[in-house]
Amino acid sequence: MDTRLLLGPTLVVSAILFVLGVAGVLVRRNAIVVFMCVELMLNAVNLTFIAFAQLHGVSGQIMVFFVMTVAAAEAAVGLAIILAIFRHTQSVDLAHINLLKG
Amino acid sequence: MIQLVWLAVLFPLLGAVINAALAFRRPMAKTAVSIVGVGVMAAAFAVALAVFRELQQSPVASYSVVLWHWMPVTDRLSIDLAFQVDHLSSVMLLVITGVGGLIHLFSVGYMRSDPGYARYFAYLNLFIVFMLVLVLGASLPVSFIGWEGVGLCSYLLIGFWYEVDANSNAGKKAFLANRIGDFGVLIAMFLIWWSLGTLDFTGIMMQGGAHWSRGSTMPLLVALFLFLGCTGKSAQIPLYVWLPDAMAGPTPVSALIHAATMVTAGVFLVVRTAAVFTLAPVALEVVAVVGALTAFFAATIGLRQYDIKKVLAYSTVSQLGYMFLGVGTTAFASGIFHLITHAFFKALLFLGAGSVIHAMHHALHHAHSHADPQDMRNMGGLRRAMPWTFALMGIATLAIAGVPPFAGFFSKDEILGAAFARGSEHPIYYVCWALGLAAALMTAFYMSRLVAMTFFGKYRGGEKSAEHLHEAPWVMTGPLVILAILTIGGGLINLPHFAGGSSWLEHWLAPVVQVAMMMVTPTPEIPSGMETTLIALAIVAAVTGLVGGYVLTTRSSIVTPEHAPEERGIWSLLYHKYYVDEVYHRLIVDPTMWLSRRALWQTVDAFLIDRIGVGGTARLAEGLGWLGSRLQNGQVAFYVTMFAVGAVLILRTLVR
Amino acid sequence: MNVTAVVFYVFAAWAVASALLCITRSNALTSALWLVSTMFALAAIFVILNAQFIAAIQVLVYAGAVMVLFLFVIMLLNLEVVPHDWKRWPVWMLGLGLAAVLGATLLPLRNYTSDRLAREISNLPGAVNSNLVFPREDSALAVAQGAVGHIAQPLFQAYLIPFEITSVLLLVAVIGAVVLAKRKL
């Protein structure tokens, strides 16, 4: 079949995944899980790119490539930060990380 | 040399700067201060003399010395810092630097032991600078620099011994009274510029004659506002109250600023702007009446004062009234003549009084007495201890009383004569003449009372202090001798025809007031028989006053202040100066204080500005900051939630 | 409904279910594994949507490398498993409510079809043939290039400079990670 016809359903799936990622970020207190939810949101966006790449050409796929690179870099740095925080507070609970309190 | 007239200003300015520097760095270097302080005055006097000589030989009567363009704002308003050297300012230059120099010299002896010696000379030099700017200025704004500057120096010198509260209060009083007058001068300046578009004295003279008709409103307003300034600076009714208090300053200051020079600035200003006054006959009448009234009232107060300087202060107010009576009757030359002779004899009187106070102060100090060295009831019989001072002050007393042939006789007689002559035009001038004659009688009376109380009779300062009385050093008596010579011979500069003179000053000043005099009818001639009668009357008044004062004072028993009985009846009224200070306090000072304290300070400043304005803004910022700080709770989850809310809001506008 | 669509929906359901489990498990390790599952499902959807190369690196990079890093850190920290604190239910309600609003906001996306997009882009009235607006790729060329060549061509030509910059980005990330994670340099 013409997979272009799947554009609408793909976008819906993408939106659901994105919303689930947002919900996770909002409710979870474990910093690592929050991070994973962010990855989930990135994946949802990737799905949108792939869906539109069917119409607009291969550039969409290249964007996904870049997003992955950024996600990999972010994961490396972010996890290093979490490690450093854990060494400092013996916890990855976001409720305990409130150094920015004004 | 005329183009170099600014040197006369520069020398005292240098002196002021150097002495101010010494006051900060080497306050004890009194020799250096004396040399600088007196030296610059000698140099300024030399410049003044040279300028005068050159002007005498010059065919041109008026020079304008432009130093720089001060306010080149528009075509309509372009003010240069320029000096006007003419017959009037050259004479004033001589008087100020001459008398001023002598007083500087006197101060060397008088202030010798004062710790603020250098500061004193810095102020005194600075005063001369501003006074010269005032008389030399070619336009109202330039003169106004000097006008304000002398007020400042006056304030600084009245409050020279600022450790005593009363002295600094007297300074403030003088300053505030002068501010009222200065306000008048400013308004007059605005009016002149608005109406004539010029502020130069020559411009005012020419444009005023061309644009204003005689008797119209504008010149009247301008003249009255200018005269308001004069009443402030020259201590006339209603603003005279500051001058007696100004005696809180050192005595040479009283001689220089509050007798010889600054207080005569008002008279000078009227002559400078004579064209405006002659265009407003009503203003001239006001000037004459205010002058005559001041002369009379101040003289009555002088009758019952015991402080030697207070007597002289009221005498000064009274004599200034004479000068205004003179210029108010368009006898401008006579006004200036009296200004000059008054500078001589009143400076002499003040410096003589200074000598007496100096001697009394030392004598009482040695005797550990706390009696007031200025109170005449503590003096008496000083002629034996201080023969020179006695003789010199005697001369000055005869001069101020109007005994021929001393200087005061001629100048005072001319003013009274002018007032009498104008009487044929308007009867109010007869009243002025009568007031002036009565004031002359009282002047002679209180002056001879002063001399009798001070130099005759028995010394009342106590046995112990009597042996310490001694004559002042030569540096103090020297200037007195010179002033005495001027007092005796000063009348020569304007010796009238009946005394074989040629009225030199009147001819000399004629070009200055030439334009102004074209607006008024010439002073009517007095028949020569009448003239003789007037002169005889004046002499009789003087002699009666002198004899009466002496006899009444020496006959009565004088008791020292601590044993003095309560003043009674009219004497009490005079002793308390008609309660004018108290009335002013009730009517002006108290309401102003109330307004300032209640309305302006507590309501406007403390409540509206501080509490609502400043405090309110601070509290508003604090409240907003508190709200903001609630957002910064450090919880990442909270930040993320806020972020998500924002994202949702943005997305809702993007996705359709 | 043909086979392709059925397969798509199966994987879509798989992805959504895995994601739901990922965000609800209290154990971080379980969450991570469910995320891996989500990524596999997404990779399958990528294949269906003709993005074979991306599907491959999705598995390699994401599931293989990034998620392994996550698992590694989780195990390294050896966190004790904290059961959900049900006293925090207002926070859950708030978060889920906000997410629901976001979902409702994104709901119109389901109406997007290629024809509608073509109409909006070409800005013409009436029905527009999307095949004219979005031309089909030359399938012969695609076959000749292969899946990798198809994406490598623009990546190394039009997107060369961004591509090089990503290498710098990765280098920075490596240095940053080392600096942050190491106790002493």
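Given the structure, is C:Ser18 touching a residue at least 12 places away in the same chain (Cβ under 8 Å), within 21 Å of A:Val19 (Cα to Cα), facing another protein chain (nearest Cβ under 10 Å) and not in a helix (DSSP H, G or I)?
Working: touching a residue at least 12 places away in the same chain (Cβ under 8 Å): yes; within 21 Å of A:Val19 (Cα to Cα): yes; facing another protein chain (nearest Cβ under 10 Å): yes; not in a helix (DSSP H, G or I): no.
The answer is no for C:Ser18.
Need a quick list: helices (runs of 4 or more DSSP H) entirely within the stretch B:193-246 having at least 1 residues that are under 30 Å from B:Lys577 (Cα atoms) and more than 14 Å from the chain's Cα centre (by Cα). If you could, list the steps in order and put the result at the bottom.
On the way: elements: B:201-211, B:217-233, B:242-245.
Hits in the stretch B:193-246: B:217-233.
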If we keep just the residues of the stretch A:75-98 that are within 21 Å of C:Gly64 (Cα to Cα) and touching a residue at least 12 places away in the same chain (Cβ under 8 Å), which is farthest from the other protein chains (Cβ to nearest Cβ)? A:Gly78
Scan of the stretch A:59-69 for residues that are surrounded by fewer than 22 Cβ atoms within 10 Å (Cβ to Cβ), within 7 Å of chain C (Cβ to nearest Cβ) and closer than 18 Å to A:Met36 by Cα, ordered by number: A:Thr69
Got a number for residues in the stretch B:177-196 being aromatic (Phe, Trp, Tyr) and in contact (Cβ under 8 Å) with a residue 40 or more places away in the chain? 2
A:Thr3 passes all but one of (1) under 19 Å from C:Arg136 (Cβ atoms); (2) more than 7 Å from every other protein chain (Cβ to nearest Cβ); (3) not aliphatic (A, V, I, L, M); which number fails? (2)
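Out of all the residues in the stretch B:608-656, which are hydroxyl-bearing (Ser, Thr, Tyr) and away from chain A (no Cβ under 14 Å)? Spell out how you get there, then give the answer.
Pass one, the stretch B:608-656, residues hydroxyl-bearing (Ser, Thr, Tyr): B:617, B:629, B:639, B:641, B:653.
Within the stretch B:608-656, B:Thr617, B:Thr653 meet the criteria.
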Residue check, B:Val5 against (1) out of contact with any Phe, Trp or Tyr (no Cβ under 9 Å at 6 or more places or on another chain); (2) farther than 24 Å from B:Gly116 by Cα, all met but one. Which one? (1)
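So that you can scan it fast, the table gives a plain yes or no per residue for (1) modelled with pLDDT of 90 or more; (2) surrounded by 20 or more Cβ atoms within 10 Å (Cβ to Cβ):
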site: B:Asn378; (1), (2): no, yes
site: B:Arg384; (1), (2): no, no
site: B:Trp388; (1), (2): yes, no
site: B:Met393; (1), (2): yes, yes
site: B:Ala396; (1), (2): yes, yes
site: B:Ala407; (1), (2): no, yes
site: B:Ala421; (1), (2): yes, yes
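Which residue out of B:Glu463, B:Glu471 is more than 30 Å from B:Thr521 (Cβ to Cβ), free of Cβ contacts under 8 Å to residues at least 24 places away in the same chain and more than 24 Å from the chain's Cα centre (by Cα)?
Numbers: B:Glu471 fails: free of Cβ contacts under 8 Å to residues at least 24 places away in the same chain.
Step by step, each of B:Glu463, B:Glu471 is checked, and only B:Glu463 is more than 30 Å from B:Thr521 (Cβ to Cβ), free of Cβ contacts under 8 Å to residues at least 24 places away in the same chain and more than 24 Å from the chain's Cα centre (by Cα).
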Out of B:Val51, B:Val60, B:Val65, I need the residue that is of a type in the set (A, V, I, L, M, F, W, C), more than 30 Å from B:Gly109 (Cβ to Cβ) and either surrounded by 15 or more Cβ atoms within 10 Å (Cβ to Cβ) or in contact with a Ser or Thr (Cβ under 7 Å, 6 or more places away or on another chain) (or both). Which one? B:Val65
For the stretch C:64-82, does any single residue satisfy the condition of being modelled with pLDDT of 90 or more, more than 8 Å from chain A (Cβ to nearest Cβ) and over 25 Å from C:Ala177 (Cα atoms)? no
Please identify the pairs in which a residue from the stretch B:400-411 that is within 15 Å of B:Ala343 (Cβ to Cβ) has its Cβ atom under 6 Å from the Cβ atom of a residue that is in a loop (DSSP other than H, G, I, E, B), counting only partners at least 6 apart or on another chain. B:Gly408/B:Gly402
Among (1) part of a helix (DSSP H, G or I); (2) out of contact with any Leu (no Cβ under 7 Å at 6 or more places or on another chain); (3) farther than 27 Å from A:Val12 by Cα; (4) in contact (Cβ under 8 Å) with a residue 24 or more places away in the chain, the one test that C:Ile74 misses: (2)
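So that you can scan it fast, the table gives a plain yes or no per residue for (1) basic (Lys, Arg); (2) surrounded by fewer than 22 Cβ atoms within 10 Å (Cβ to Cβ); (3) outside any helix (DSSP H, G or I):
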position: B:Val142; (1), (2), (3): no, no, no
position: B:Val150; (1), (2), (3): no, no, no
position: B:Tyr162; (1), (2), (3): no, yes, yes
position: B:Lys172; (1), (2), (3): yes, yes, no
position: B:Ile180; (1), (2), (3): no, yes, no
position: B:Phe183; (1), (2), (3): no, yes, no
Output for the stretch A:14-58, where each listed residue is over 13 Å from the mean Cα position of the chain (by Cα), within 20 Å of C:Ala56 (Cβ to Cβ) and within 7 Å of chain C (Cβ to nearest Cβ): A:Ile50, A:Ala51, A:Ala53, A:Gln54, A:Val58
Only one of (1) hydrophobic (A, V, I, L, M, F, W, C); (2) at pLDDT below 90; (3) buried (at least 17 other Cβ atoms within 10 Å of the Cβ) does not apply to C:Met39, and that is (2)
In the stretch B:147-174, which residues are touching a residue at least 40 places away in the same chain (Cβ under 8 Å) and under 16 Å from the mean Cα position of the chain (by Cα)? B:Trp147, B:Val150, B:Gly151, B:Cys153, B:Ser154, B:Leu157, B:Ile158, B:Gly159, B:Ala170, B:Gly171, B:Lys173, B:Ala174
Would you pick out the residues in the stretch C:145-169 that are assigned to a helix (DSSP H, G or I), farther than 17 Å from A:Ile81 by Cβ and facing chain A (nearest Cβ under 7 Å)? C:His150, C:Ile151, C:Pro154, C:Leu155, C:Pro162, C:Thr166
Residues satisfying the stated conditions in the stretch B:246-302, i.e. surrounded by 24 or more Cβ atoms within 10 Å (Cβ to Cβ) and charged (D, E, K, R): B:Arg272
Do we find a residue being within 29 Å of A:Phe86 (Cα to Cα) and touching a helix residue (DSSP H, G or I) at 6+ places or on another chain (Cβ under 8 Å) anywhere in the stretch C:43-52? no
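Hey, does the stretch B:55-76 have a residue that's within 30 Å of B:Phe160 (Cα to Cα) and of a type in the set (Phe, Trp, Tyr)? Working first, answer last.
Kept after step one, since they are within 30 Å of B:Phe160 (Cα to Cα), are these residues of the stretch B:55-76: none.
No, the stretch B:55-76 contains no residue that is within 30 Å of B:Phe160 (Cα to Cα) and of a type in the set (Phe, Trp, Tyr).
The values are calculated or read from the model by the stated rules, or taken from the named source; none is laboratory data. Just so we're clear, the structure is a prediction, and the values are computed from it rather than from any experiment. Cβ atoms come from the backbone with ideal geometry, glycine included; neighbour counts cover every protein chain shown.
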